[in-house]
Amino acid sequence: MDASAPNQFRPIPDQPRSLCGRVWSTLKGISTFRWRLAACVPGTCLGSVFLLACVLPTSNHALRAEGPAVALEGDPGAVEVAEPAEVARTSSGKLFICGGGRLPDELRQHFINLAGGTQARVVVITTASALADTDRMESKLVVWREQALADLTILHTRSRVTADEPQFVSPLTVATGVWFVGGDQNWLIDTYLGTSTEREIRGVLARGGVVGGTSAGAAIMSPVMIRRDRPTLQIGPGFGFLPGTIVDQHFLKRKRQERLLRVLDGHPELLGLGIDEGTALLVDGSHLCVMGESQVMVCSPPAADLPADVYSLDPGAEAELTQLQAHALARIEPRPVEPVIEAAPVESESTVGLTADDIPGSEPMAEKVGQ
């Protein structure tokens, strides 16, 4: 199946659009309106538009991969994840996970709104980028510096020692939003996993803030992370901000369905979420909402005599993560069927030797079978 052809996937049935879907439609409409007005009236100064963020009263959970194990090709299940009973309720924050490529202005603005709008204190972590140690990184940060924020901090190191220093993590202790830029997700995990930096990022979620990212910043969200697929497929632990899942990015653009299903073969208890470019998945507790230009694919691997299961979530679509996970688990752990126990015929001295014709109210067996 060609993952680049959305119409080959079975979409989740349409549901009434709630606040999240309506907010996304409004954002798109306002963006189009502002562009057309600027084109028609050159030099017109448009007032800034502020929309209330989509706030849903539920909570996130954290699930951690145990150990830094990396699975080589042919062993996609080497990373162990915690059992569901070990998953602890740790935050009431939100995740804003983008699939890479060009980030639409509407998505960036929605992230900022979730972080508090003009009162947002945002930390942008650039460690995944190959430019993070160069002056060229600054050109990538201009768009962030142009935003109307209460505070903006650019955070980067490649030293795990530095990542544990109080001065380095200090901006995270008061942040309302954290954003991971794209690049190489391995640099993020290898630098920050298990450090004070990771702990303080979780603290942002615990305070009700938002953690988001694009491309590499999406891959790190799940407990099992795809590290690379060339020359061999390798996986390892992610931060596990989104438990019970494996997140993949650039999904339709780079035709990554087969690699995600292959990883899921080793972790059928997890749900695959493939986020395409220019697209965001907003996670608020168990509630999912898709925003942007393309789709999020929900994937489960083949199980027993069942083929792989792939759903599409279009922009504005919503779903409950717990329900999707339950559906995936039911494929590998079908509900046991109660055995039918047939009672043995009971004979008494009064009925021994009698036929059906001799018992009042009974019918000949041949007639009962034929009915």
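The values are calculated or read from the model by the stated rules, or taken from the named source; none is laboratory data. Worth saying up front: this structure is predicted, and the values here are computed from it rather than measured. Don't worry about glycine lacking a Cβ; one is built from the backbone with ideal geometry, like all the others, and counts go over all protein chains shown.
Looking at (1) more than 12 Å from the chain's Cα centre (by Cα); (2) under 21 Å from Ser92 (Cα atoms), find the lone condition where Ala218 falls short.
Against the list (1) more than 12 Å from the chain's Cα centre (by Cα); (2) under 21 Å from Ser92 (Cα atoms), Ala218 comes up short only on (1).
For residues in region 229-243 being farther than 19 Å from Val210 by Cα and of a type outside the set (A, V, I, L, M, F, W, C), which is farthest from the chain's Cα centre (by Cα)?
Taking region 229-243 and keeping what is farther than 19 Å from Val210 by Cα, we get 229-237.
In the following step, the residues that additionally are of a type outside the set (A, V, I, L, M, F, W, C) were identified as 229-232, 234, 236-237.
Working: Asp229: 20, Arg230: 23, Pro231: 26, Thr232: 24, Gln234: 20, Gly236: 17, Pro237: 15 Å.
Across region 229-243, the extreme among qualifying residues is Pro231.
Return the total of residues in region 244-290 being part of a loop (DSSP other than H, G, I, E, B) and of a type in the set (A, V, I, L, M).
Residues flagged as part of a loop (DSSP other than H, G, I, E, B) and of a type in the set (A, V, I, L, M) within region 244-290 amount to 2.
Please state which one of Thr197, Thr176, Thr191, Thr279 is among the hydroxyl-bearing types (Ser, Thr, Tyr) and over 27 Å from Thr118 (Cα atoms).
Values: Thr197 fails: over 27 Å from Thr118 (Cα atoms); Thr176 fails: over 27 Å from Thr118 (Cα atoms); Thr279 fails: over 27 Å from Thr118 (Cα atoms).
The conditions single out Thr191.
Filter region 226-238 down to residues that are touching a residue at least 60 places away in the same chain (Cβ under 8 Å) and under 27 Å from Arg199 (Cβ atoms) and give me whichever is surrounded by the most Cβ atoms within 10 Å (Cβ to Cβ).
Step by step, filter region 226-238, then rank; the result is Gly238.
Please specify each residue of region 133-161 satisfying the condition of being closer than 14 Å to Glu198 by Cα and buried (at least 16 other Cβ atoms within 10 Å of the Cβ).
Leu155, His156, Thr157
Confirm whether Asp305 is without any contact (Cβ under 8 Å) to a residue 12 or more places away in the chain, of a type outside the set (Lys, Arg) and farther than 24 Å from Leu188 by Cβ. Show your work before the answer.
Values: without any contact (Cβ under 8 Å) to a residue 12 or more places away in the chain: yes; of a type outside the set (Lys, Arg): yes; farther than 24 Å from Leu188 by Cβ: yes.
Yes, satisfied.
Being part of a strand (DSSP E or B), among the aromatic types (Phe, Trp, Tyr), closer than 23 Å to Leu273 by Cβ and modelled with pLDDT of 95 or more is the requirement here; does Phe111 meet it?
No: the conditions fail for Phe111.
Hey, does region 285-294 have a residue that's surrounded by fewer than 24 Cβ atoms within 10 Å (Cβ to Cβ), within 17 Å of Leu329 (Cα to Cα) and modelled with pLDDT under 95?
No, region 285-294 contains no residue that is surrounded by fewer than 24 Cβ atoms within 10 Å (Cβ to Cβ), within 17 Å of Leu329 (Cα to Cα) and modelled with pLDDT under 95.
Suppose we filter Leu252, Leu193, Leu172, Leu188 for residues that are surrounded by fewer than 23 Cβ atoms within 10 Å (Cβ to Cβ) and over 15 Å from the mean Cα position of the chain (by Cα); which single one remains?
Testing whether each residue is surrounded by fewer than 23 Cβ atoms within 10 Å (Cβ to Cβ) and over 15 Å from the mean Cα position of the chain (by Cα) leaves just Leu193.
What is the number of the single condition among (1) more than 18 Å from Gly99 (Cα to Cα); (2) free of Cβ contacts under 8 Å to residues at least 12 places away in the same chain that Arg254 does not meet?
Unmet for Arg254, out of (1) more than 18 Å from Gly99 (Cα to Cα); (2) free of Cβ contacts under 8 Å to residues at least 12 places away in the same chain: (1).
When you check Phe168 against the structure, is it more than 21 Å from Leu103 (Cα to Cα) and in a loop (DSSP other than H, G, I, E, B), yes or no?
Criteria not met by Phe168.
For every residue, the table says whether it meets (1) at pLDDT 95 or above; (2) out of contact with any Asp or Glu (no Cβ under 8 Å at 6 or more places or on another chain); (3) closer than 23 Å to Pro307 by Cβ.
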{"position": "Gly212", "(1), (2), (3)": "yes, yes, no"}
{"position": "Ile220", "(1), (2), (3)": "yes, yes, no"}
{"position": "Pro223", "(1), (2), (3)": "yes, yes, no"}
{"position": "Gln234", "(1), (2), (3)": "yes, no, no"}
{"position": "Pro237", "(1), (2), (3)": "yes, no, no"}
{"position": "Thr245", "(1), (2), (3)": "yes, yes, yes"}
{"position": "Asp248", "(1), (2), (3)": "yes, yes, yes"}
{"position": "Lys253", "(1), (2), (3)": "yes, no, no"}
{"position": "Arg256", "(1), (2), (3)": "yes, no, yes"}
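Test of understanding: among Ile226, Ile201, which residue is part of a helix (DSSP H, G or I), among the aliphatic types (A, V, I, L, M) and within 26 Å of the chain's Cα centre (by Cα)? Break it down into steps so the answer makes sense when it comes.
Numbers: Ile226 fails: part of a helix (DSSP H, G or I).
Only one candidate qualifies: Ile201.
Between Gly67, Gly99, which is closer than 30 Å to Arg254 by Cα and at pLDDT below 95?
Of the residues listed, the single one that is closer than 30 Å to Arg254 by Cα and at pLDDT below 95 is Gly67.
Gly203 versus (1) among the small types (Gly, Ala, Ser); (2) over 15 Å from Gly238 (Cβ atoms); (3) surrounded by fewer than 16 Cβ atoms within 10 Å (Cβ to Cβ): which is the lone unmet condition?
(3)
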